[in-house]
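Taken together, the values in this text are just the output of simple stated rules run on the coordinates, not laboratory data. Remember, it's a predicted structure, so these values are computed and weren't measured experimentally. Positions of Cβ are backbone-derived with ideal geometry, glycine not excepted, and every protein chain shown enters the neighbour counts.
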Amino acid sequence: MIDRRSAILGTLASGWAARASAQTPPPRVSEGVAVAGSADPEETIDLWPQGAPGAPATLLVETVEDRGKGGLPVDRAVWGISRPRLVVFRPRKPNGAALLVTPGGGYRWVVVDKEGYEIGRWLAARGFTVFVLFYRLPGEGWAAGPDVALADAQRAMRLIRARAADYGIAPERVGAMGFSAGGHVCGDLATRFDTPVYAPVDAADRLSARPCLAAPIYAVQAMTADLAHAGSRALLLGPSPGAAQERAHSTAANVSPRTPPCFLLHAEDDRVVKVENTLAFRAACVRAGVPVETHLFAQGGHGFGLRGTLGKPVAVWPELFVAWARTLGFG
C-alpha cells in the first residue's frame, strides 16, 4: 500500500515528469512506414532521464523486425534497446487501475504486438491503463547483467506511481503482467521488488516497486538446467552459471510472504517452457502463504497471447484474469 508521504513524493515526481523533454517514440520498423492493422500508440515515458545506467561500450542500435513480413497479424520484435521506455494505452473510461506489461521474447528480443500491444488494447478497452515496457536485454552488455530487466521493471513501477494523478489511477492499484521471458521479468519484480539493482535517480525512486498483484503468463521461472528455457537461461546468466546464480534468478526461490497475490496460467502441452516452471512457483506461493490463482489448460502450446487462443478453451484466460483481479479490488 502507498502511504500519504509516498503520495506526496509521487506528486513531486509527476511534476518533474511533466517538464521532461520529448520522449523516445515507440519502436518502429522504419520511419514513415505504416504497419498494417490497428494504429500504434504514440505516448511513451522514458525510464531514465539521464540515460539508462551501465551502458555497454559499443553503442546499441535499436532494431525492429517485422516477423510477419508486412502481413496480418503483425508480429514485430525489437532488440538493441538502449532507451527503455513505457508505451501507454489510455482507456476511454479509466477504472483507476493500471498494469505494467512485460512482453516475452526469450531475452533475445522484446515482442511488440502479440504480448504487448494486443493485450494493452484489450485491457484498455476494459478500463485499465496499460504501460507496455520495452526493457533492456541482459545479453547485450549492460553493467547490471542479469538484473538489467528487473532494474527497468522496478523503475517503471515507480514512475507509474509517480505519475498516477496524470493517468487517473490509484498508486495502490498498479499490477504487473508478463509473458514467457517477460513472465520472468514479472516474477522477478513480484519477488525482488525491493532488491537494490540500481542507484536512485530522482524522487520517484522513493516509491514502492511492489506490484499489488502479478500475473506471470506461461512464464519462464526456473533457471536450473532441468526446468529452464535454455535460450533464456543462456542470455540471462551466460553459458555456465553456477548453482548459486541459478537459484538467485529462479523466481520460486525468492517468493516470500511479501510477494503479492499471483495469477498463474500455463498450457500443459507447452514444449518451449515446461509447465513445471509454473507449478514450482505456485508451490512456493502456497508455502509462503501468498494467495495464488492457477489455471492449467491441456492445449495452447507456448506464446499464445490472445491471437493463439481462438477456438480453444484457453481463450477464456483474459476474462479469468479480470474476474480474479476484481476479487482483489483491482479494476
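Its DSSP H runs of at least 4 residues, each contributing -39,500 (n - 2.57), put the calculated 222 nm mean residue ellipticity of the chain at -8000 deg cm²/dmol, to the nearest 500.
Where both bridge residues fall in the chain, DSSP classifies roughly 40% of the beta bridges as antiparallel. Between ASP269 and THR294, the simple spin-label model (points 7 angstrom out along Cα→Cβ) gives 2.2 nm.
Qualifying trypsin sites (Lys or Arg not before Pro) in the stretch 263-331, where qualification requires a DSSP coil assignment and no more than 16 other C-beta atoms within 10 Å, comprise ARG271. Note on LYS69: aspartates and glutamates with a C-alpha under 19 Å away, same-chain residues under 8 apart excluded, are GLU31, ASP40, ASP113, GLU115, GLU118.
Taking a straight Cα-Cα cut-off under 20 Å and skipping sequence neighbours fewer than 8 places away in the same chain, the lysines within cross-link reach of LYS274 are LYS312. Under the criterion of Cα pairs below 8 Å and six or more residues apart, the relative contact order for the chain equals 15 percent. Taking 24 Å as the straight-line reach from the Cα of LYS93, the lysines in range (excluding those fewer than 8 positions away in the same chain) are LYS114.
Modelled spin labels at VAL61 and ARG258, positioned 7 Å past Cα toward Cβ, are 4.3 nm from each other. Proximity of backbone amide H atoms, modeled 1.01 Å from N, is registered between ALA267 and PHE297 at under 5 Å, excluding neighbours fewer than 5 places apart on the same chain. In this calculation the C-beta distance from ALA283 to ARG247 is compared with R0 = 25 Å, giving a FRET efficiency of 0.95. Annotation: amide H of VAL292 within the under-5 Å range of CYS262, sequence separation 5 or more or interchain, hydrogens built in the peptide plane.
Loop-located trypsin sites (Lys or Arg not before Pro) across the stretch 92-167 with a Cβ neighbour count of 10 or fewer within 10 Å are ARG92, with loop assigned by DSSP.
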